[in-house]
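Visitor: The structure's right below; bear with me while I get my questions together.
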Amino acid sequence: MIIEGRVKLGEDVIETPSTVLHDLRGVTVDGNAVREAEETRLFVFHKPAGLLTAERDPIGRPTIYTALRNALPEGSGRVMPIAVSTSTPRACSC
């Protein structure tokens with residue numbers, strides 16, 4: 001987007017990706033104002049056996065998104081899974 005000249009700060013085209021911005025006031029892409037990032041929210045979900053941790057499956061197996069579709073609050077935005085192991089740590093005999 002920057003190389004294509006689509007990003008501006010006020011009326012000035014931003015020409016390099018290394019431009020330091022202290023905030024996003026006045027930054028536009030294709031004439032549309034860039035919004036501040038939303039605050040990160042974490043949701044804890046115990047994944048039942050049999051669900052894939054993938055957005056979609058080419059052969060139609062159920063994913064965590066199938067289970068979460070109606071469980072998340074309205075306007076939750078994009079959901080990105082992170083793995084957290086609950087298993088007991090074991091010593092490595094490497």
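Visitor: What number of residues in region 1-12 are of a type in the set (A, V, I, L, M, F, W, C) and exposed (fewer than 11 other Cβ atoms within 10 Å of the Cβ)?
Guide: 2
Visitor: Moving on. Quick one: what pairs do we get from region 42-58, first residue touching a residue at least 12 places away in the same chain (Cβ under 8 Å), second in a loop (DSSP other than H, G, I, E, B), C-beta under 6 Å, 6+ apart or different chains?
Guide: Cβ pairs passing all conditions: L51/P62; L52/R61; T53/P81.
Visitor: Could you list, in sequence order, the residues of region 23-67 that are open to solvent by 100 Å² or more (accessible area, probe 1.4 Å) and in contact with a helix residue (DSSP H, G or I) (Cβ under 9 Å, 6 or more places away or on another chain)?
Guide: Hits for region 23-67 are E55, R56.
Visitor: Follow-up. Return the only residue of V84, V20 being modelled with pLDDT under 85, open to solvent by 90 Å² or more (accessible area, probe 1.4 Å) and either of a type in the set (A, V, I, L, M) or touching a strand residue (DSSP E or B) at 6+ places or on another chain (Cβ under 8 Å) (or both).
Guide: Only one candidate passes the filter, namely V84.
Visitor: Any residue in region 21-34 that is within 21 Å of the chain's Cα centre (by Cα), closer than 15 Å to V79 by Cβ and in a loop (DSSP other than H, G, I, E, B)?
Guide: Taking every residue of region 21-34 in turn, none turns out to be within 21 Å of the chain's Cα centre (by Cα), closer than 15 Å to V79 by Cβ and in a loop (DSSP other than H, G, I, E, B).
The values are calculated or read from the model by the stated rules, or taken from the named source; none is laboratory data. Since the model is a prediction, treat every value here as computed from it, not as a measurement. Virtual Cβ from ideal backbone geometry, glycine too; neighbours counted across all protein chains shown. For accessibility, only protein heavy atoms count, side chains too; no ligands or nucleic acids. Shrake-Rupley method; radii C 1.70, N 1.55, O 1.52, S 1.80 Å.
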